[in-house]
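Data first, discussion second: the structure below is written as C-alpha cells.
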Amino acid sequence: MDTQQRPLGEFEQTVLLSILRVGNRSYGVEIRQTLLAQIHRDVAIGALYTTLARLEDKGLVTSQMGEATAQRGGRAKKYYSVTAQGQSALKASLRNLRTLAEGLDMLRGAPGHG
Amino acid sequence: MADHKLQHVRQLPRIYQVILDWSLPDALNDAISGDVTEAYQQQHQTHPATANVWLLQQVLDIALRFALKTQRGVMMFVISVAVIVAVVLMSLWLSGGLSMFINLPSLLIVLPPAILIAWCSVPAGTPRNALAQLLNGQIVADQSAMLARARFFQVLGNAGLLMGFFGVVTGAIAIASNVEPEVFREVIGPATAVCLLTLQYALVLKTICYLAEVRLKAHL
C-alpha cells in the first residue's frame, strides 16, 4: 500500500533490478559488479547501502547475514532479496515509466521502443 | 593455494577501519566493512595506481553518510565547539591581534589545577570514559556511570572558572601592591589585561565543558 503512495526512485529501481538479476540473493559487491557490468554505473558503497537500508525499511527487500571470508577481512556478507512487495512495486514503477514513454518521438529507435 | 591467497589479502589500513567502526551502525558494519575490503582487493588488481585514492573516497563517503545518523550527537558537539572556537578567535583577532591574548602563566593558573580537581572528583577511569563517550555516540552506560561522566565535565568547567577568578584577584592584588605612582599610567593597562586573561581562558573552558556536560546528560 505504501509503495503505491511513494513511487520508487530511479536508483531504487536499479538496485532492485540488479538484485533480481543475480538470482534474488546478492550482497553488496555483487550488486555493484552487476551495475558496473550491465549499465557501466560505478556506485559508491555508501550510496548503495543507504538505498538498501531504505528499501529494507519500506519492506521491499529483506536481508540475511551470510558467511565471512578471509578476502573480506573476516567480515560476514549481508545477502539481500527482493520481497513480493518489492517486486510488485518494481513492476508498477516500470509500467508507469513505459506508459509515460510510449509514443514519444524522441524515444523512437531506443531499445524497447518502436 | 588457499594459503598463498590468504597471504596476499590486503587489510584496510587501521585508521580507515576505525573510521568505519565509528560511523557505521552495528547492523551494517560487517556487511559494509567486508564489502569495502573485498572491493579494495579487486581495485588493487584492476587499478593498482588509484586503489588507495578509491579507498579513501569510499571511506569518507561512507563516514559522511552514516555518521550524521549514528553519531549525530558527536557531530553536533564537534560543530558547536568549532563554532565557539571560531567566534572566540574572530573576536580576539578583531580586537587587535591574537598575540596579546596568549599568556602561558595565565593558562597554567587555569588548566592544570582544573584538570587535577576534576580528575580527583570522579571514580578512576571516568575521565577516559567521559572523553570516549563524548566522541562515540554508540557507547552505552548505566545511569550512574553517565552521571559520573557528566560530573567530570561539570567539575572541570567550574574548577576552571574558580581558578580564573582566583587568577584575576591574585593579579589585581599584585598590581595594587607593586605599581609605583610615577609609572601607574603606563603599567596599569597591560598589567590588568594579563590579569584578566586567566578569566578569559576559564570562560572558554567553562563553555566547552558546559557543551560536553549537556551532551552527556542528553543520554539520560
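The values are calculated or read from the model by the stated rules, or taken from the named source; none is laboratory data. A quick note: this is a predicted structure, and the numbers were derived from the prediction, not measured. All Cβ positions, even for glycine, are placed from backbone atoms using ideal geometry, and neighbour counts span all protein chains on display.
Structural remarks
- Criterion applied to B:Thr37, B:Thr70 was being touching a residue at least 60 places away in the same chain (Cβ under 8 Å), within 14 Å of another protein chain (Cβ to nearest Cβ) and in contact with a Gly (Cβ under 8 Å, 6 or more places away or on another chain), and the one residue passing it is B:Thr70.
- Candidate set: region B:135-193, residues that are closer than 30 Å to B:Ile19 by Cβ and at pLDDT below 80; chosen: the one surrounded by the fewest Cβ atoms within 10 Å (Cβ to Cβ): B:Val140
- Among (1) at pLDDT below 95; (2) closer than 15 Å to A:Tyr49 by Cα; (3) buried (at least 20 other Cβ atoms within 10 Å of the Cβ); (4) among the hydrophobic types (A, V, I, L, M, F, W, C), the one test that B:Phe77 misses: (2)
- Region B:1-21 - residue that is modelled with pLDDT of 90 or more and more than 9 Å from chain A (Cβ to nearest Cβ) and, of those, farthest from B:Thr70 (Cα to Cα): B:Pro13
- A:Gly59 being small (Gly, Ala, Ser) and without any contact (Cβ under 8 Å) to a residue 12 or more places away in the chain: no
- Screening A:Leu94 with (1) of a type in the set (A, V, I, L, M, F, W, C); (2) farther than 30 Å from B:Ala27 by Cα; (3) without any contact (Cβ under 8 Å) to a residue 24 or more places away in the chain gives one miss only, at (3).
- Candidates B:Leu56, B:Leu89, filtered to the one that is of a type in the set (A, V, I, L, M), more than 14 Å from every other protein chain (Cβ to nearest Cβ) and on the phi < 0 side of the Ramachandran plot: B:Leu89
- Conditions (1) assigned to a strand (DSSP E or B); (2) more than 9 Å from chain B (Cβ to nearest Cβ): number failed by A:Lys77: (2)
- When restricted to residues that are surrounded by fewer than 16 Cβ atoms within 10 Å (Cβ to Cβ) and of a type outside the set (D, E, K, R), region B:116-134 contains 8.
- Region B:57-74 - residue that is of a type in the set (Val, Ile, Thr) and within 23 Å of B:Gln43 (Cα to Cα) and, of those, surrounded by the most Cβ atoms within 10 Å (Cβ to Cβ): B:Ile62
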